[in-house]
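To start, the structure itself, in structure tokens.
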Amino acid sequence: NRATQAFRQPGSAFKPFVYLTALEKGYPPNLKILDAPFVIDQGADLGKWNPANYTKKFYGLSTMRLGLEQSRNLMTVRLAQMIGIDSIVNQAKKLGINNNFPGVLSMALGAGETTLLKLTTAYAMMVNGGKKIKPSMIDRVQNRNGKTLLKHDNRVCLYCIQPELDSTLEPKIVDNRDQLVDPVNAYQIVSMLHGAVLRGTGKKVSVIKKPLAGKTGTTNDSKDTWFIGFSSDLVVGIFVGFDIPKTLGPRETGASVASPIFRDFMQLALHKIETTPFRIPSRTKLIKVDLKTGESPTKNSKKVILEAFYPGTEHTAIGNFKSNQKKSKIHSDNIIGLGGLY
């Protein structure tokens with residue numbers, strides 16, 4: 001079963017969990033990260049590792065949001081080194097993506113293996129407000145008299161089990177699932193992935209004209225292509241690749257191969273459904289920022305968005321970062337530039 005048993009590299013479809021780890025550590029989504037050459041000596045006889053962006057170009061300082069929306073490899077690796085690859089490996093384990101990722105930087109770019117079901121479930125936890133989800137093939141089994149013999153959902157419904165239902169008592173379902181990710185951090189990733197559909201690598205999906213979010217993934221030589229995406233209530237994972245890995249062709253990517261499948265499926269799945277906007281946790285601080293700079297808009301701002309900040313980090317949305325350094329959890333001028341690695 002290729003959805004549940006085939007372990008393949010997710011490529012950039014894993015990047016949201018690198019950025020999630022940074023957000024959990026207090027880094028804001030307008031954090032500026034240097035997009036420039038990156039080289040690491042791997043040790044004796046192992047050579048140097050120098051990842052590159054898909055475009056083979058460098059873009060200088062860019063915000064964390066743009067790094068995820070545009071799927072920038074160099075920014076992701078720099079961020080991963082700053083927050084620590086071990087914390088990212090632990091994130092993958094916590095969300096059930098893989099329990100045994102090796103602690104090397106290439107994991108941040110999706111070099112570790114996982115299944116389509118595991119990765120799709122991890123995305124579902126983000127749009128679900130960070131609550132743990134256990135996937136199932138069977139929701140419920142009942143006998144011919146309607147008695148439930150087996151059910152996947154183990155939540156307790158108060159006022160449901162009684163001879164006569166009091167019409168004044170609305171049944172309450174207690175959500176006893178584990179809270180794996182802070183709801184605000186989970187929504188920040190949802191917001192960024194919504195941006196990836198509107199402006200980034202998932203733009204082909206935006207023709208549906210409904211609130212959708214998602215991320216593409218492509219591995220070396222185009223052997224594995226992915227698109228994991230969602231509306232507010234439906235998550236869909238797409239993987240395209242050969243059973244025995246081989247290239248799908250020159251310049252084939254998750255954007256060209258997998259995202260059109262997602263688009264066509266969702267057009268039918270959501271055709272007669274009134275979709276709702278993504279749910280925003282009450283503690284989220286929504287601040288207008290310039291998309292390019294991540295700072296307060298000016299008269300010269302070409303694109304202004306509502307950025308989602310964790311409470312206490314919204315002060316980074318103003319232009320004068322230095323005046324707020326003492327309040328910020330991050331270092332010098334809200335910029336990551338890791339010296340000695342160029």
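Annotations
- Cα point-scatterer Debye curve for the range 117-208, base-10 log of I(q)/I(0) at q = 0.15 Å⁻¹: -0.82
- Taking all protein chains as shown and a probe of 1.4 angstrom, M125 keeps an accessible surface of around 10 Å².
- Per-selection Kirkwood Rh - the chain (Cα, Å, 1 d.p.): 21.4
- In this label model, R279 and F265 are separated by 2.3 nm, measuring between points 7 Å along each Cα→Cβ vector.
- Expressed in Å, the radius of gyration and Dmax of the Cα atoms of the range 6-74 are 13.8, 39.
- Using just its DSSP H runs of length 4 or more, each adding -39500 (n - 2.57), the chain gives a mean residue ellipticity at 222 nm of -7000 deg cm²/dmol after division by all residues.
- Among beta bridges that DSSP assigns inside the chain, antiparallel share in %, nearest 5: 95
- Given R0 = 56 Å, the distance between the Cβ atoms of R155 and F58 translates into a calculated FRET efficiency of 0.70.
- Chain lengthening between T4 and Q81 when straightened (0.36 nm per residue, less Cα-Cα): 24.6 nm
- Quotient of Cα Rg and 2.2 N^0.38 Å for the range 178-275, N being how many residues it contains: 1.14
- Rg [Å, one decimal], Dmax [Å, integer] - the range 71-161, C-alpha atoms: 18.7, 60
- Over the chain, Cα pairs under 8 Å with separation of 6+ residues give a relative contact order of 20 percent.
- Cα→Cβ-extended label distance, 7 Å offset, between L198 and T168, nm: 4.6
- Stretch in the chain that is longest and holds no GluC sites (Glu not before Pro) that DSSP places in a loop and that have at most 11 other beta carbons within 10 Å: 1-163
- Using a probe of 1.4 Å on the protein chains alone, the accessible area found for L79 is around 0 Å².
- Principal-axis tilt of helix 15-24 within the chain, Cα atoms, nearest 10 degrees: 90
- Loop-located trypsin sites (Lys or Arg not before Pro) in the range 79-126 (DSSP state other than H, G, I, E, B) with a sparse environment of at most 13 neighbouring Cβ atoms within 10 Å are absent.
- Normalised by 2.2 N^0.38 Å, where N counts its residues, the alpha-carbon radius of gyration of the range 243-285 equals 1.86.
- Sparse-neighbour loop sites [chymotrypsin sites (Phe, Trp or Tyr not before Pro); the range 234-327; at most 12 other C-beta within 10 Å; DSSP]: F242
- The listed residues R283, R2, R144, once ranked by accessible area (1.4 Å probe) with the largest placed first, stand as R144, R2, R283.
- Sites N99 and K209 - FRET efficiency at Förster radius 45 Å, r taken between beta-carbons, to 0.05: 0.70
- Extension gain (nm, one decimal) between D41 and L306, 0.36 nm per residue minus Cα-Cα: 91.4 nm
- Extension gain for N220 to N90 (0.36 nm times residue separation, less C-alpha to C-alpha distance): 44.3 nm.
The values are calculated or read from the model by the stated rules, or taken from the named source; none is laboratory data. All values reported here derive from a predicted model rather than from experimental measurement. Because the Cβ atoms are built from the backbone with ideal geometry, glycine has one as well, and the counts that use them run over all protein chains shown. Quick note on the areas: whole protein, heavy atoms, side chains included, nothing else; ligands and nucleic acids left out. Shrake-Rupley method; radii C 1.70, N 1.55, O 1.52, S 1.80 Å.
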